[in-house]
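Here is the structure we will look at, set down as structure tokens.
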């Protein structure tokens, strides 16, 4: 896991997104423990408060939960939750940009949809 200190995205968001990536890739499993803020801070060379803020964001995103007497646990439905949020946020933004550009260029809806299908199917 890495963070880019030159990136405009705040470090704590990069940490949260990187943990989500590890969940999606299977490196971290639903029902298992998440990295601790101490481990994250040491590994990434960031302030423990920054690491804690990244973990807190994942609690707010409904990916992690604190189980009394244990570390942060990855919720069982974390993968579905991550995918749903990313589809809603990321794809919606990208699609909006593509549609805006297509309209600027005068591309008809039918043509745009066909181009998307071609790209999706690798043609």
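Here are some notes:
- Measure of compaction for the stretch 79-120 (Cα Rg per 2.2 N^0.38 Å): 1.37
- From the coordinates shown, Rg and Dmax of the Cα atoms in Å corresponds to which of (1) 19.9, 67; (2) 14.0, 41; (3) 18.4, 60: (3)
- Spin-label pair residue 117/residue 71, simplified geometry with 7 Å Cα→Cβ offset, distance in nm: 4.8
- If you plug the beta carbon distance of residue 33 and residue 86 into 1/(1 + (r/R0)^6) with R0 = 25 Å, you get a FRET efficiency near 0.65.
- Fewest-first sequence of 28, 105 by Cβ atoms within 10 Å of each Cβ: 105, 28
- In degrees, nearest ten, helix 48-60 long axis to first principal axis of the chain (Cα): 60
- Compared with the dominant principal axis of the Cα atoms in the chain, helix 109-120 is inclined by about 50°.
- Between residue 108 and residue 43, the contour length at 0.36 nm per residue exceeds the alpha carbon distance by 18.4 nm.
- Relative contact order (percent, whole number), the chain, Cα cutoff 8 Å, 6+ residue spacing: 21
- Computed from Cα atoms, the angle from the helix 11-25 axis to the main principal axis of the chain rounds to 80 degrees.
- Mean residue ellipticity, 222 nm, helices only, the chain: the sum of -39500 (n - 2.57) across DSSP H runs of n ≥ 4, divided by residue count and rounded to 500, is -18000 deg cm²/dmol.
Any read-out appearing in this document is the output of simple, stated calculations on the displayed coordinates, not a laboratory observation. Everything quoted here is computed from the prediction, not taken from an experiment. Glycine also receives a Cβ, built like all others from the backbone with ideal geometry; neighbour counts cover every protein chain displayed.
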